[in-house]
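Data block below; observations after.
The values are calculated or read from the model by the stated rules, or taken from the named source; none is laboratory data. It should be emphasised that the depicted structure is a prediction, and the values quoted were computed from it without experimental measurement. Glycine gets a Cβ as well: all are built from the backbone with ideal geometry, and neighbour counts include every protein chain shown. Side chains are part of the model used for accessible areas, which takes the heavy atoms of the whole protein and leaves out ligands, DNA and RNA. Shrake-Rupley method; radii C 1.70, N 1.55, O 1.52, S 1.80 Å.
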Amino acid sequence: MTADLSDGIRQVLPSARADLERLVRIPSVSADPAAARQVWASATEVATLLREAGLPEVDVVTAGDSRPAVLGRRPGPPGTPTVLLYAHHDVQPPGEAADWDSDPFEPAERDGRLYGRGTADDKAGVAVHLAALRAYGDRLPVGVTVLVEGEEEIGSPALPGFLDAFRDGLRADVVVFADAGNWTADIPALTTSLRGGTSVVVEVRTLRHGVHSGMYGGPAPDALTALCRMLASLHDERGGVAVPGLTHGSAGFSGADPLDLTEEQFRAEAGMLDGVRLIGAGGLTARLWAGPAIAVIGIDAPSVAAASNTLVPVARAKVSMRVAPGDDAAAARDALAAHLTAHAPWGAQVSVLPGAVAAPFTARSGGRAYTCARSALGEAWGTPAVDAGAGGSIPFVTAYAGLFPDAEILITGVEDPGTRAHGSNESLHLATFERACLAEALLLRNLAGDDN
C-alpha cells in the first residue's frame, strides 16, 4: 500500500504544483479592500480544483462580512473517521516590489525552491490537500471535509459567525491544519503549541496643533517624542518584555533548547545583521515558543521627507504582541494598553484602540491521531518527526478546539527555515512539498486503520 501511495503521489505531483502556481498568480491579499475581487477569484479557483479532485460537494461560502471560504466534503466508508483538512487561500501583501528577486505573483523556480507570495503560506497547504485527494481518487479511506479559509492573514475577524453558521458541516474526529513549518527541510515537525496574538493602536496628543519648534521647543513637548518614550518602556535593557502581568514560559521549556537551536542558526534564519545582539533571556526556543513578544510594527507621524521644523501635535503607533501559551490573550492585551497609558510622560493625552485577539494553543498530543501522524511523517521523510512549538498564531485552531473539544488537532505544514513567510522572496522547498503530500496521504491511510 505504501508503494502504491508513493507512486500515486509522484503521478499527481505535477498537477498539484501546476495548481499551486495557478493559485499563486491570483493576488488574493485579504488585507487590501481593492483586492476583494481577487480574493473571490481565488476562492472560486480553489472550489474548481476541489471538484476536479473528486469532492462531490463543494461550495464557496461566507458568513456575515467574512471573505469567501471554500467548503467541500466527501463521505467515507461506513465506520471510518471524518478528517477535516484546513488551509487558507488568502495571502499577505507583497510589500515593496524592489525587495523581491522576481515578481511575487509569478511563480519562479530557483535552486529547488518555488518563489512567490503564497507558495508556502498557505496555498501550498491547498495543494497538499489536492495531491492527497487525487492520489486516492474515488477510494478515499476516510471521510474528508476540506475547509480553505479566506481571511486567515487578517486574523479571521468573522470567525465566530462563520463557525456558528457552518458548525454541523465542520464537525470532525481529526483536523489537519496545514499551515505551519518543519524543523528543517529534512526533519519534519508536528506543531504542538502556538502563541496567541493581539495588537493595539496607541495615540498620543500633546498640542492642539503643530507649532514652530524654535518658538515653542523646549517647554512644549511634542507627541512623537512622548510616544517614543512610551514605546521604549515596553522592553527592559536586555530587550526582555517589560509589561507586567504576562505569562512567561508556561509551555514547559527551560533555559535549554530542546531541539538545540543555536544562535548561529537563528541569526542566519532571521537575517540578523552583524553586530546586532539577540534580545531577551533564556533558551531560544523558550523565547520563541513559550514567552511573550512585543514589536512596534507601524508609526503614523510625518515622514522624514515631509518633515518641517514643527512640534508634532499627535502621533500613533501600532504595537503587535505575541501571547505565551497558557496566557489569556484579551487580558494580555489589556495589560499592554494599561502599561502604555501608565508610561505616558509629561501628562500627554493617550488613547488606546484594542485590536482583535487570537488565543494561544497547546495540543493534546498523546492520542491516536498523533501516533498516526508521527508514523506518516517519519515514513515520508525517512526520519522521525519532532514536536515543536510555533511563535505565530492560527485563530481557527483555538476557535475550533473550543467548539469541538473532542477532536484531535494536528498542525502540519510545508514551511522550513528558508521559507520567509510574510517576507519578500517567500518560497517553497519543492522536495519538502513532495514529502508533505506523501505524508498526508499516508496519514489518511493510517487514520483509517489500513496500514497494510
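Hey, Leu444 hits all of (1) modelled with pLDDT under 95; (2) in contact with a helix residue (DSSP H, G or I) (Cβ under 7 Å, 6 or more places away or on another chain); (3) within 27 Å of Leu147 (Cβ to Cβ) but one; which does it fall short on?
(1)
Among the residues of region 12-21, which ones are open to solvent by 40 Å² or more (accessible area, probe 1.4 Å) and either touching a residue at least 24 places away in the same chain (Cβ under 8 Å) or small (Gly, Ala, Ser) (or both)?
Ser15, Arg17, Ala18, listed by residue number.
So which of Ala359, Ala331, Ala335 ends up being surrounded by 22 or more Cβ atoms within 10 Å (Cβ to Cβ) and either touching a residue at least 12 places away in the same chain (Cβ under 8 Å) or touching a Cys at 6+ places or on another chain (Cβ under 9 Å) (or both)?
None of the other options fit; the residue is Ala359.
Need at least 1 residues that are within 30 Å of Leu231 (Cα to Cα) and among the charged types (D, E, K, R) per element, so show me which strands (runs of 3 or more DSSP E) inside region 173-214 make the cut, counting only ones lying wholly within it.
Where strands (runs of 3 or more DSSP E) fall fully within region 173-214 and carry at least 1 residues being within 30 Å of Leu231 (Cα to Cα) and among the charged types (D, E, K, R), they are 196-205.
Can you tell me which of Ala189, Ala185, Ala180, Ala172 is closer than 27 Å to Ala41 by Cβ and of a type in the set (A, V, I, L, M, F, W, C)?
Details: Ala189 fails: closer than 27 Å to Ala41 by Cβ; Ala185 fails: closer than 27 Å to Ala41 by Cβ; Ala172 fails: closer than 27 Å to Ala41 by Cβ.
Of Ala189, Ala185, Ala180, Ala172, the one residue that is closer than 27 Å to Ala41 by Cβ and of a type in the set (A, V, I, L, M, F, W, C) is Ala180.
Would you mind stating whether Leu430 is open to solvent by 10 Å² or more (accessible area, probe 1.4 Å), at pLDDT 95 or above and in contact with a Ser or Thr (Cβ under 9 Å, 6 or more places away or on another chain)?
Considered against the rule, which asks whether it is open to solvent by 10 Å² or more (accessible area, probe 1.4 Å), at pLDDT 95 or above and in contact with a Ser or Thr (Cβ under 9 Å, 6 or more places away or on another chain), Leu430 comes out as no.
In region 86-143, what residues are acidic (Asp, Glu) and crowded, with 22+ Cβ neighbours inside 10 Å?
Asp90, Asp121, Asp122
Quick one: which of Ala223, Ala172 is buried (at least 19 other Cβ atoms within 10 Å of the Cβ) and either at pLDDT below 95 or within 30 Å of Thr432 (Cα to Cα) (or both)? First the steps, then the outcome.
Working: Ala223 fails: either at pLDDT below 95 or within 30 Å of Thr432 (Cα to Cα) (or both).
Just one listed residue meets the conditions, Ala172.
With the requirement that a residue be buried (at least 18 other Cβ atoms within 10 Å of the Cβ) and under 21 Å from Pro244 (Cα atoms), what does region 294-328 give you?
Ile294, Ala317, Val319, Met321, Arg322, Val323, Ala324, Pro325, Asp327
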